[in-house]
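Structure, as structure tokens:
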Amino acid sequence: MRSFLIEEIKLIGVLALQGNFQSHLEILNKIGKTSKEIKFSKELDEVEGLIIPGGESTTIFNLLNREKNFVSEIKSFADSFPILGTCAGLILMSQLKNDKIVKSLDIIDALIERNAYGRQINSFSASIQLKNNLFQERLIRGSFIRAPKIISYGESTEPFAFFQNEVVGVKSGKHFGITFHPEIFKETFIHEICFN
Ligand code: GLN
């Protein structure tokens, strides 16, 4: 049973099984949200939003599956609360091209190709243009670290982040998925719009 004493202060969870979860806790703190590391599905009962961070999608997927109902609990959490997936997080939330290791949580209708820019050595940082009718157009910085590419997306999915001619961020209902890491540059805007 959920009960929230102070409605305005949202408690946001950050999946803390592997990867870059610490920086997301810091960003949430910076934008005035309280946050909580999520290591077990029952901890989802306490939060009103979730970040699935970057890291290694195969590892996060395997760790999620140590607990029998973790994947299905995240899927039903997604019916009511927003989820932001960065990089490996987006990979887990979407459908995958030619990938038999990770099975999608099917939260965002987009087709993703892992490691699409090459290996670790091909990682780079860039300016990313954010554009959507919900907010004023702006540029933010982000790092593409063994990043995936969004190959295509369905009708229920809207692009909102662009790098050169590529779509690098999509919104699907209340959920956001991005192929890059804004948290490395302490960029807060995407967290703000996702968990406002
Ligand atoms: N290449 C990683 C994967 O496939 C994602 C990298 C990242 O999250 N920065 O999971």
For this session: At q = 0.23, 0.31 Å⁻¹, what is the base-10 log of I(q)/I(0) for segment 41-93 according to the Debye formula with one equal point scatterer per Cα and no solvent? Please give it to two decimals.
Result: -0.90, -1.34
Problem set entry | Proximal aspartates and glutamates relative to Lys33, as straight alpha-carbon distance under 13 Å, when same-chain residues fewer than 8 apart are discounted | Glu7, Glu8, Glu48, Glu192
For this session: Using Cα pairs closer than 8 Å and at least 6 residues apart in sequence, work out the relative contact order for segment 66-166, in percent.
Result: 24
Exercise. At q = 0.19, 0.21, 0.25 Å⁻¹, what base-10 log of I(q)/I(0) does the Debye formula yield for segment 25-116 when every alpha carbon is treated as an equal point scatterer in vacuo?
Worked result: -0.90, -1.09, -1.44
For this session: May I ask which of Lys30/Lys100; Lys68/Lys131; Lys39/Lys149; Lys10/Lys100 have a Cα-Cα span longer than 30 Å here?
Result: Lys30/Lys100; Lys68/Lys131; Lys10/Lys100
For this session: Take segment 99-196, drop everything but the C-alpha atoms, weight them equally and run the Debye formula without solvent; then report log10 I(q)/I(0) at 0.11, 0.23 Å⁻¹ to two decimals.
Result: -0.31, -1.37
Problem set entry | Convex hull per residue volume in Å³, alpha carbons only, for the chain | 111
For this session: Work out the FRET efficiency for Asp79 and Lys186 from their Cβ-Cβ distance, taking R0 = 35 Å, and round it to the nearest 0.05.
Result: 0.65
For this session: Mind sorting Lys100, Lys186, Lys171, Lys75 by how few other Cβ atoms lie within 10 Å of their own Cβ, fewest first?
Result: Lys100, Lys186, Lys75, Lys171
Seminar exercise, completed: Spelling it out for Val14: with amide H atoms placed in the peptide plane at 1.01 Å from N, the residues 5 or more places away or on another chain with amide H under 5 Å from its amide H are Lys36, Glu37, Ile38, Ile51
Seminar exercise, completed: Neighbour-count ranking for Thr188, Thr59 (other C-beta within 10 angstrom, fewest to most) reads Thr59, Thr188
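Computed from the coordinates by the stated procedures, all read-outs in this text should not be read as laboratory data. Just so we're clear, the structure is a prediction, and the values are computed from it rather than from any experiment. Note that each Cβ is placed from the backbone with ideal geometry, even for glycine, and that neighbours are counted across all protein chains shown.
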